Every structure is written in C-alpha cells, then in structure tokens.
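**Student:** After the structure tokens below, expect a handful of questions from me.
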Amino acid sequence: MKIFEPHIHMSSRTTDDYEAMAAAGVTALVEPSFWTGQPRSGVGSFVDYFNALIGWERYRAAQFGIAHHCTIALNPKEANEPSFRAEVMEILPRYLAKDGVVGVGETGYDSITPAEDELLAQHLALAVEFDLPVLVHTPHRDKLAGTRRTLDVVKESGIAPERVLVDHNNELTAQVVLDAGVWAGFSIYPLTKMDERRMVLLAQELGTQRIIVNSAADWGRSDPLKVAKTAQALLAAGFAQAEVERLVWDNPVTFYAQSDRLELVVKPDDTLSQGNSIQRGERA
C-alpha cells in the first residue's frame with residue numbers, strides 16, 4: 001500500500017528511518033517547520049534550517065525514492081521569542097515561493113498567548129497571499145480551548161476552510177474541527193497524543209472524510225512508521241482497503257495538491273559519491 005506521510009520531522013530522524021519508511025510503503029512526505037529541541041539564537045539559524053528543508057532533506061529522502069516536501073513557518077513553540085520573531089516573519093515569503101514548499105506551517109498555538117494569536121493571523125494571511133494550504137498546530141495543554149480559538153482565527157482570516165489542516169486532534173476536538181469544515185489531523189505516537197487503537201475507534205465513529213493521520217516523529221519518543229501501523233490496524237478492524245487508502249494516500253494528496261507543487265514520483269539514487277553514501281556539499 002502506498003503511503004503519503006503528511007507530517008513528519010525528518011530533521012530529527014536518521015537516514016535509517018528513511019530506509020525503513022520506504023520499505024513500509026512511504027513514497028512521499030511533508031516535513032513541517034519545527035523547533036530544534038532547544039531555543040534558537042537568532043534569525044540565521046532559521047535561514048540554515050529552511051535551506052536544509054528545501055535542499056538537504058529532499059536529497060536524503062530521494063535516495064530511497066521518497067518525494068520530500070515541506071511547509072514553512074515560525075513554529076508556535078518559538079512564536080513568543082521577541083528577539084527574532086519579526087526578522088523570521090520577514091524572510092518567510094522568500095521560502096514560501098520555493099519548489100517543494102507545499103504549505104504554510106506549522107503555525108498555531110503552543111501556550112495560547114497574544115503573540116501566538118498575532119502570528120497565527122499573519123501566517124494565515126501569508127497562506128492566502130501565496131495561495132497555499134496551511135497546517136495548524138493545536139496546543140498540547142488546554143487543547144479544546146486552543147482548538148476553538150484556532151477555528152475562530154481561521155474564520156476571521158477569510159481563508160477557505162478546505163485549505164486548512166488543523167492537526168494533533170483527539171477525541172475531544174475531532175468533531176469540533178470537522179464541523180468547522182477544515183481538515184482534521186491526528187498524530188499517532190507510542191505513548192502520547194493518539195495511538196492506533198484510539199484512531200481505529202475514531203475512524204469507526206467519524207468515517208474517513210477530511211481526516212488525515214501522521215507519524216509526526218519528532219525529537220521525543222516517536223515512531224516514523226506509525227501511519228503504516230495505523231493502516232494495518234484499520235485493516236485488522238475490518239476497514240475496506242479503499243477506505244484505508246483514502247486515509248493514508250488520497251486524503252493527504254488531495255489536501256497538499258492544493259499547492260500545485262506536489263511531486264509524487266522520485267527516482268531512487270543510491271549511487272556512491274567518492275566512496276561516500278551521500279554527496280559532500282561545498283560552499284559556493
């Protein structure tokens with residue numbers, strides 16, 4: 001079964017993870033902008049990071065026949081840092097015009113602060129300006145209140161709801177999000193967020209329309225194969241193959257195809273470079 005992994009932070013993963021994902025059926029993915037595990041020191045570190053998303057990670061993924069895409073944003077976990085916030089927002093348009101960038105994100109809430117309010121509205125405005133879909137992060141604390149506030153800001157922005165993916169949902173927020181007409185994302189984790197069993201129960205209750213599952217797979221304990229494992233759990237629970245394929249391929253492709261920048265076929269390149277398994281870049 002072909003899998004489109006719609007939200008995974010490969011900058012925190014090893015090349016072995018790319019190999020395992022390809023073996024599990026992943027042929028395309030989206031890597032949203034994220035934090036680095038510790039506070040960044042200035043705008044220059046964002047420049048290096050965004051450059052890696054549109055260059056280095058695309059190359060690493062392509063070695064295994066995986067089409068790498070990304071979304072670009074100032075992540076909400078860093079939205080409250082005044083020392084570089086304005087500078088990062090100034091450089092975002094440069095990257096939102098790049099090939100392989102299929103959306104704005106992830107934006108949204110971490111602590112539900114006024115600064116996060118302001119930046120979510122700015123990111124939504126950029127999504128409208130660049131005609132891109134947007135990926136929105138909901139907070140891990142006060143999730144229901146944060147999700148409702150998210151939906152209010154989305155509505156205020158005027159962006160078409162079908163161009164918005166509100167992520168990290170659970171049983172408390174799923175129906176609220178779907179009722180708003182946006183897409184509902186679910187991150188499947190070993191210990192936190194959602195797991196396969198809970199996702200099966202939700203899919204049985206809600207169906208598979210406008211629902212997207214992802215592995216996220218960040219710096220903490222996580223699993224880059226959770227979409228494949230969720231697909232197997234759904235099949236074992238009696239879901240038809242076509243319904244499962246809708247969740248793990250059709251839905252994320254439909255959402256991100258709104259960018260007009262998806263590339264779903266990449267030829268694997270595992271040739272050696274001067275005895276190394278990866279090319280060694282040089283400064284221009």
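The values are calculated or read from the model by the stated rules, or taken from the named source; none is laboratory data. In this text, all values refer to a predicted model and were calculated from it rather than measured experimentally. Note: ideal-geometry Cβ built from the backbone for every residue, glycine included; neighbour counts use all protein chains shown. Only protein heavy atoms, including side chains, enter the accessible area calculation; ligands, DNA and RNA are left aside. Shrake-Rupley method; radii C 1.70, N 1.55, O 1.52, S 1.80 Å.
**Student:** Grab the other residues whose beta carbon is less than 12 angstrom from that of Val104, score K and R as +1, D and E as -1, and report the net.
**Tutor:** With Lys, Arg at +1 and Asp, Glu at -1, the neighbours total -2.
**Student:** Can you check what the net charge comes to around Thr173, using other residues whose Cβ is under 10 Å from the Cβ of Thr173 (Lys, Arg +1; Asp, Glu -1)?
**Tutor:** So the surrounding residues net to +1.
**Student:** Could you list which residues have their amide H under 5 Å from that of Gly103, counting only those 5 or more apart in sequence or on another chain, with H placed in the peptide plane?
**Tutor:** Amide H neighbours of Gly103, under 5 Å, 5+ apart: Ile72.
**Student:** Write out the trypsin sites (Lys or Arg not before Pro) in the stretch 100-185 meeting two conditions: DSSP loop, and at most 12 other Cβ atoms within 10 Å of their Cβ.
**Tutor:** Details: sites: Arg141, Lys143, Arg148, Arg149, Lys155, Arg163; in loops: Arg141.
When the trypsin sites (Lys or Arg not before Pro) of the stretch 100-185 are filtered for loop state and at most 12 Cβ neighbours within 10 Å, Arg141 remain.
**Student:** Sorted from largest down, what three extents in whole angstroms do the Cα atoms of the stretch 1-41 have along their principal axes?
**Tutor:** That gives 41, 19, 8 Å along the principal axes, largest extent first.
**Student:** Rounded to the nearest 500, what is the chain's calculated 222 nm mean residue ellipticity when only DSSP H runs of at least 4 contribute -39500 (n - 2.57) each, over all residues?
**Tutor:** About -11500 deg cm²/dmol.
**Student:** Hey, another quick one. Got a sec? Charge dipole of the chain, +1 on Cβ for Lys and Arg, -1 for Asp and Glu; which of Ile8, Asn251, Pro224 is way out at the positive end?
**Tutor:** Projecting each Cα onto the dipole axis, the largest value belongs to Pro224.
**Student:** For the stretch 110-154, what is the charge dipole size about the Cα centre, in debye to the nearest 20, if Lys and Arg each add +1 at the Cβ and Asp and Glu each add -1 at the Cβ?
**Tutor:** Once rounded to the nearest 20, the dipole reads 260 debye.
**Student:** Also, quick follow-up: Using the Kirkwood formula over every pair of different C-alpha atoms, what hydrodynamic radius in Å results for the chain?
**Tutor:** One over the average 1/r among Cα pairs gives 18.9 Å for the chain.
**Student:** A further question on this structure: Report the calculated FRET efficiency for Glu118 and Glu19 (r = Cβ-Cβ distance, R0 = 45 Å), to the nearest 0.05.
**Tutor:** Efficiency, from the Cβ-Cβ distance: 0.65.
**Student:** If Lys and Arg each add +1 and Asp and Glu each add -1, what is the summed charge of the other residues whose beta carbon sits under 9 Å from the beta carbon of Ala62?
**Tutor:** Values: positive: Arg58, Arg60, Lys267; negative: Asp269.
Around Ala62, the charge tally is +2.
**Student:** Would you work out what percent of the accessible area of the chain, with all protein chains in place, is carbon or sulfur (probe 1.4 Å)?
**Tutor:** Values: 6120 of 12360 Å².
On the chain, the fraction of accessible area on carbon and sulfur atoms equals 50 percent.
**Student:** Ok, one more. For the stretch 54-211, what is the largest minus smallest coordinate of the Cα atoms on each principal axis, given in angstrom and ordered from greatest to least?
**Tutor:** Dimensions of the stretch 54-211 along the principal axes of its Cα atoms: 42, 42, 30 Å.
**Student:** So which aspartates and glutamates pass the test for Lys267, namely a Cα distance under 20 Å, with those fewer than 8 places away in the same chain ruled out?
**Tutor:** The qualifying aspartates and glutamates are Glu5, Asp16, Asp17, Glu19, Glu31, Glu57, Asp99.
**Student:** For the ranges 8-14, 79-85, what's the packing order if you count other beta-carbon atoms within 10 Å of each residue, average per peptide, and put the highest first?
**Tutor:** Put in order of decreasing packing, that is 8-14, 79-85.
**Student:** Determine the per residue accessible area of the chain with all protein chains present and a 1.4 angstrom probe, expressed in square angstrom. Please list the in-between numbers first.
**Tutor:** Working: 12360 Å² over 284 residues.
I get 44 Å² per residue for this part.
**Student:** About the Cα centre, and with charges only on the beta carbon of Lys, Arg (+1) and Asp, Glu (-1), how big is the dipole of the chain? Nearest 20 debye, please.
**Tutor:** 320
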